[in-house]
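Here is the structure we will look at.
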Amino acid sequence: MRVGIGYDSHRFESGRPLVLGGVHLPDHPGLTGHSDGDAVAHAIIDALLGASALGSIGHHFPDTDARWEGADSMDLLAETVRLIEERNYQVVNVDVVIVTESPRVGPWV
């Protein structure tokens with residue numbers, strides 16, 4: 001069994017949609033980022049890559065690469081799962097903790 005820990009944080013930025021774990025939360029500023037700023041997906045990606053000894057999200061999806069600008073982080077997550085499955089690893093369980101003062105995420109969990 002391999003275990004990884006991922007962590008990500010972004011500042012809020014008005015004019016961007018808020019996406020957490022692939023879910024769009026309305027009526028709240030979004031998160032900054034080269035992609036869609038989905039901090040939940042990014043933390044999961046880092047945890048999976050770390051558990052698989054495959055580096056970090058910045059290594060695979062660098063913010064200096066125009067291909068990832070505005071990318072849907074769920075697509076990045078799917079690519080990450082493909083990478084780890086190529087190496088005969090399997091995702092068994094993922095747990096996520098979201099720490100934020102706002103918005104309240106309970107209705108979308």
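Measure nothing but the geometry: give the 0 to 90° angle between the long axis through the Cα atoms of 73-86 and the longest principal axis through the Cα atoms of the chain, rounded to 10°. It works out to around 10 degrees. Put simply, when 23-30, 9-16, 95-102 are sorted by average Cβ atoms within 10 angstrom per residue, most first, you get 23-30, 9-16, 95-102. Comparing 83, 60, 47 along the charge dipole axis of the stretch 7-109, the residue lying farthest to the positive side is 47, per the Cβ-charge model. A simple rule links phi to the HN-Hα coupling: the Karplus curve 6.51 cos²θ - 1.76 cosθ + 1.60 with θ = phi - 60°, which for the stretch 51-58 gives 5, 9, 6, 10, x, 10, 4, x Hz, with x for Gly and Pro. The spacing between the stretch 88-103 and the stretch 15-79, judged by their C-alpha centroids, is 13 Å. When the alpha-carbon atoms of the chain are used, the pair Rg, Dmax equals 13.9, 42 angstrom.
Amide H contacts of residue 20 (H built 1.01 Å from N, in plane; Pro and chain starts excluded): 25 sit under 5 Å, all sequence-distant by 5 or more or on other chains.
Once backbone amide H atoms are built at 1.01 Å from N, residue 13 has 30, 31, 32 as its partners under 5 Å, excluding neighbours fewer than 5 places away on the same chain.
Where a number appears in this text, it was derived from the coordinates with a stated rule and is not lab data. A quick note: this is a predicted structure, and the numbers were derived from the prediction, not measured. Here Cβ is always computed from backbone atoms with ideal geometry, including for glycine, and neighbour counts include all displayed protein chains.
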